[in-house]
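Asks: One structure follows; several queries about it will come next.
The values are calculated or read from the model by the stated rules, or taken from the named source; none is laboratory data. This is a predicted model, so every value here is computed, not measured. Note: ideal-geometry Cβ built from the backbone for every residue, glycine included; neighbour counts use all protein chains shown.
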Amino acid sequence: MVAGTWQESPLDAVFAALAHPVRREIVRRLKTEMASVNDFLSVFKMSGPAISKHLKVLEDAGLVRVVQDKQTRYRALNATPLAEATDWLEEYRIFWEGSFDRMESVARELEAERNNDQSSR
């Protein structure tokens, strides 16, 4: 990415959408079943328009889709964008595991040196 040419990617939108605890809770709840704005009114202490705004952010990120059933608009989870986020995070999990393994190795070497120093006294 060249300086000054930054554009939001789908991954950026997913992380931005998940940055808010209400939206993370909406995603968690949609994991088990579809829900309407009214269904969320009993869960969150906020207005229908506020919930709709959160749902819109999740829709724009591709995490939620609308399912129309007669007069009711339900929201359903679309977990596909989470796969890219998981892949991105996985790279860092591997990095940190490697870092911890290296730290453990250094700690063992230092312990062995300390034990050798103590036994040679």
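Asks: Return yes or no: is E111 free of Cβ contacts under 8 Å to residues at least 40 places away in the same chain, in a loop (DSSP other than H, G, I, E, B) and not aliphatic (A, V, I, L, M)?
Replies: For E111, the condition - free of Cβ contacts under 8 Å to residues at least 40 places away in the same chain, in a loop (DSSP other than H, G, I, E, B) and not aliphatic (A, V, I, L, M) - is not met.
Asks: Please enumerate the residues belonging to region 60-74 that are free of Cβ contacts under 8 Å to residues at least 12 places away in the same chain and within 21 Å of A13 (Cβ to Cβ).
Replies: Residue satisfying the conditions is V66 alone.
Asks: In the same structural domain as A16 (by TED's automatic domain parsing) and assigned to a strand (DSSP E or B): which single residue out of R65, R29 fits that description?
Replies: Selected residue: R65, the only one of R65, R29 that is in the same structural domain as A16 (by TED's automatic domain parsing) and assigned to a strand (DSSP E or B).
Asks: Turning to a different aspect of this structure: Any residue in region 21-49 that is over 12 Å from L77 (Cβ atoms) sitting within a Cβ distance under 6 Å of a residue that is among the β-branched types (V, I, T)? List the pairs, counting only those 6 or more apart or interchain.
Replies: Listed pairs, sorted by first residue: S36/T72; V37/I51; F40/I51; G48/V37.
Asks: I need the full set of residues from region 47-71 which are among the charged types (D, E, K, R), surrounded by 12 or more Cβ atoms within 10 Å (Cβ to Cβ) and out of contact with any strand residue (DSSP E or B) (no Cβ under 6 Å at 6 or more places or on another chain), in order please.
Replies: K53, K56, E59, D60
Asks: Let me ask something additional. Tell me, which residue of region 75-87 that is assigned to a helix (DSSP H, G or I) and either among the hydroxyl-bearing types (S, T, Y) or in contact with a helix residue (DSSP H, G or I) (Cβ under 6 Å, 6 or more places away or on another chain) (or both) is surrounded by the most Cβ atoms within 10 Å (Cβ to Cβ)?
Replies: If we take residues in region 75-87 being assigned to a helix (DSSP H, G or I) and either among the hydroxyl-bearing types (S, T, Y) or in contact with a helix residue (DSSP H, G or I) (Cβ under 6 Å, 6 or more places away or on another chain) (or both), then P81 is surrounded by the most Cβ atoms within 10 Å (Cβ to Cβ).
Asks: Name the residue, out of V37, V67, V27, that is at negative phi and within 21 Å of the chain's Cα centre (by Cα). Don't jump to the end; show me each part of the working.
Replies: Numbers: V37 fails: within 21 Å of the chain's Cα centre (by Cα); V67 fails: within 21 Å of the chain's Cα centre (by Cα).
After applying the criteria, what remains is V27.
Asks: Taking the conditions exactly as written (touching a Lys or Arg at 6+ places or on another chain (Cβ under 8 Å) and not polar (S, T, N, Q)), does L82 satisfy them or not?
Replies: Spelling it out, it is not the case that L82 is touching a Lys or Arg at 6+ places or on another chain (Cβ under 8 Å) and not polar (S, T, N, Q).
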